[in-house]
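*Asks:* Dropping the structure in here first, questions after.
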Amino acid sequence: MKKILDTILISSLTLILCISNLSANEIFQATVTKVSDGDTIWVKKNKEIIKIRLGEIDAPELSQEYGKKSKNYLEKLILNKKIIVNSTIKDKYGRTIAVIFFNDKNI
C-alpha cells in the first residue's frame, strides 16, 4: 500500500511540475531593437524592452573567433524585424530564455 501511495505522490508531483512549467511559457510578438551578440537580443513588446537569450543554442562571444560574424549574421536576419518569441524561463542573470521565430523559421 505504501508503494502505491508513493507512486501516486510522485506522479502527482510530476504532473504539477509539468503544468507549472507550461504556464511559465509565454508566446508573443515583438520587434528586435538590438543584437548584442550571436545569441542575445533586445526586443520591444508594446512599450516594454526585453533582453532575450536565445534558447537551445550557444554562439561564440564577440571576443572569440567568429563572434562578430555570428552577431552580424543574426543582425541581418532579424534586426528591426517582427518576430515571435516563445519564452520559457529566466536565467540567473534575469534574461528571458526563448526560442524565436521569423517567417515561420526557428532562428
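Bear in mind these aren't lab numbers, they're just calculated from the coordinates by the rules spelled out. Note that this is a predicted model, so its numbers are computed, not measured. Positions of Cβ are generated from backbone atoms using ideal geometry, with glycine treated the same way; all protein chains shown enter the neighbour counts.
*Asks:* Ranked highest first by the average count of other Cβ atoms within 10 Å around their residues, in what order do 97-104, 38-45 fall?
*Replies:* 38-45, 97-104
*Asks:* Okay, which of the stretch 91-107 sit inside 14 Å, backbone N to the point 7 Å along the Cα-Cβ direction of residue 58?
*Replies:* Backbone N within reach: none found.
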